[in-house]
Amino acid sequence: MMEQLGWDAAVRALRRSSARVSYVMHSAVFALDQPTAWAEQGDSFRRTLAAAVELRAGQVCMTSGPAGALGWEQAAGRLAEAIAPLLDEARRLGVDVVMEPTGQLRQDIGFVHSLRDAVALARHAGLGVCVDTYWCFRERGLTETMHDGRDLIRLVQISDNPPGKAGHGDRMVPGDGIADLARLVRALRDLGYRGYIDLEILGPRIEAEGPAAAVDRGLRYVAVLLDDADATRGTQQ
C-alpha cells in the first residue's frame with residue numbers, strides 16, 4: 001500500500017497522523033530462483049528499511065519469497081545468501097527483520113508453510129520469527145515449536161479461522177472461529193513473550209461487519225485472553 005501511494009507520501013501521511021507504527025510489512029523480498037533480479041529487489045527492501053527508520057518502527061516483517069522450481073533446502077540456502085547483506089544494513093539501522101510463514105496457496109510469496117520450518121529457516125538465516133496463528137493454529141507440536149523458537153519470536157499475528165471452506169484472505173475476528181487462541185496465548189505468555197501482538201483480520205466477513213467494529217471486538221477479546229493468561233501464570237507462580 002505504501003509503495004502504491006509512493007514512499008515519501010505514505011511516510012508523510014503516517015507521520016502526520018496519530019498512528020504509532022510498530023512494524024512495516026514487505027512481502028516476498030526475493031524471487032529465489034531468479035538471482036539476476038536480487039539487486040533490484042534488494043533495493044526495494046532498502047526502501048522499506050528506510051521507511052521503518054523514518055516511522056520509528058523497530059521491525060520489518062517479510063515472507064520467505066517464492067521458490068519457483070527450487071526444492072525447500074535450495075530455496076532456504078538462496079534466501080540466507082540473498083538476505084545476509086540486507087540484515088547487516090538493518091542491524092546498523094536498528095531494525096529487526098522477522099519472517100512469517102504463509103499458506104500453501106500463496107506460493108507467489110513464500111515456500112515456508114509451517115512455524116516449525118519458519119523457526120528452522122530463521123535460525124539458519126539470522127532472522128526473527130512472526131507467529132501467524134491463522135496458518136499455524138493446528139500445527140503438530142505447536143507449543144514445542146514455540147518453545148524451541150522462543151528466542152526468535154519477535155511478533156505475533158492473531159486472527160481466527162472459519163470452520164468450513166475459506167480462501168486465504170477469509171479471516172475472522174478472534175473468538176468467532178475454531179482456533180484455540182486461548183491456548184496459544186497462554187503458551188506465548190508462559191514462554192515470556194511480551195512483544196507486539198498484531199490483530200490481523202481481513203476479508204469479506206470483516207468488511208461485512210465493518211472494520212472498525214471488527215477491530216474493536218477483536219481487541220477486547222484478545223485483551224481478555226492476555227489478562228486470563230497472565231492471571232493463570234500469577235496463580236501458578
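The values are calculated or read from the model by the stated rules, or taken from the named source; none is laboratory data. In this text the structure is predicted, and so the values were computed from the model without any measurement. A quick note on method: Cβ atoms are made from the backbone with ideal geometry, for glycine too, and the neighbour counts reach across all protein chains shown. We work out accessible area using only protein heavy atoms, side chains counted, and drop any ligands, DNA or RNA first. Shrake-Rupley method; radii C 1.70, N 1.55, O 1.52, S 1.80 Å.
Quick notes on this structure:
- R0 of 35 Å, Cβ-Cβ distance residue 140-residue 87: FRET efficiency to nearest 0.05: 0.70
- Magnitude of the charge dipole, the stretch 52-129, Cβ model with Lys/Arg +1 and Asp/Glu -1, debye to 20: 120
- Dividing the summed helix terms, -39500 (n - 2.57) for each DSSP H run of n ≥ 4, by the number of residues in the chain produces a 222 nm estimate of -15000 deg cm²/dmol to the nearest 500.
- Think of the stretch 1-113 as a dipole: +1 on every Lys or Arg Cβ, -1 on every Asp or Glu Cβ, centred on the Cα centre; then among 79, 18, 98, 18 lies furthest on the positive end.
- A simple spin-label model places pseudo-atoms 7 Å from Cα toward Cβ; at residue 47 and residue 182 they are separated by 4.6 nm.
- Compared with the dominant principal axis of the Cα atoms in the chain, helix 115-125 is inclined by about 40°.
- Cut-off under 5 Å, modelled amide H: who pairs with residue 29 long-range: 63, 65
- Debye, to nearest 20: dipole size of the chain, +1 on Lys, Arg Cβ, -1 on Asp, Glu Cβ: 480
- The calculated FRET efficiency for the pair residue 4 and residue 220, based on their C-beta separation and a Förster distance of 45 Å, comes to about 0.90.
- Among the protein heavy atoms of the stretch 119-208, carbon and sulfur supply 49% of the accessible surface, probe 1.4 Å, non-protein parts ignored.
- Accessible area in square angstrom per residue, the chain, 1.4 angstrom probe: 50
- Convex hull (Cα only) mean projected area of the chain, reported in nm² to one decimal: 13.6
- Phi angles of the stretch 187-195 translate, via the Karplus equation with coefficients 6.51, -1.76, 1.60 and θ = phi - 60°, into HN-Hα couplings of 4, 5, 5, 5, 7, x, 5, 10, x Hz per residue; Gly and Pro are given as x.
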